[in-house]
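Participant: Starting off with a structure, shown below.
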């Protein structure tokens, strides 16, 4: 963790955890430990900025820590999307949505309302 927690670092750690998640699911199960470590760092980075979001990261991390099977239904993509809103980049994200993002409409619509982008 950096000396001064920041959401840019939080997003970096979530992105790294997401990439490592795919490695863990793709034949490198010991990468689960790396996923957990990255989520610990993301949680620490976000705690001062947005404790509610830090708790969501913690819940995800605890699911992954509990069992390998639990990893299959953990949605790091949702954390990555929400991190954009928490970091103040929600408006930029909304401007760049493509039709393929429709599968994530529910979370994006919820975050749009929650973070005031109605």
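The values are calculated or read from the model by the stated rules, or taken from the named source; none is laboratory data. Not measured: the values here are computed from a predicted model. In this analysis, Cβ positions are derived from the backbone assuming ideal geometry, glycine residues included, and neighbour counts consider all displayed protein chains.
Participant: Among the residues of region 91-118, write down those that are in contact with a helix residue (DSSP H, G or I) (Cβ under 6 Å, 6 or more places away or on another chain) and touching a residue at least 24 places away in the same chain (Cβ under 8 Å).
Facilitator: 107, 111, 115, 117
Participant: Hey, does region 41-57 have a residue that's out of contact with any helix residue (DSSP H, G or I) (no Cβ under 6 Å at 6 or more places or on another chain), within 22 Å of residue 108 (Cα to Cα) and buried (at least 17 other Cβ atoms within 10 Å of the Cβ)?
Facilitator: Yes, because at least one residue in region 41-57 is out of contact with any helix residue (DSSP H, G or I) (no Cβ under 6 Å at 6 or more places or on another chain), within 22 Å of residue 108 (Cα to Cα) and buried (at least 17 other Cβ atoms within 10 Å of the Cβ).
Participant: Within region 77-93, can you find the residues that are under 11 Å from the mean Cα position of the chain (by Cα) and closer than 9 Å to residue 7 by Cα?
Facilitator: Residues satisfying the conditions are 83, 84, 86.
Participant: Now, a different point. Taking helices (runs of 4 or more DSSP H) that fall entirely within the chain, which contain at least 2 residues that are modelled with pLDDT of 95 or more?
Facilitator: Because the criterion is at least 2 residues that are modelled with pLDDT of 95 or more, the helices (runs of 4 or more DSSP H) in the chain that meet it are 7-25, 32-47, 51-66.
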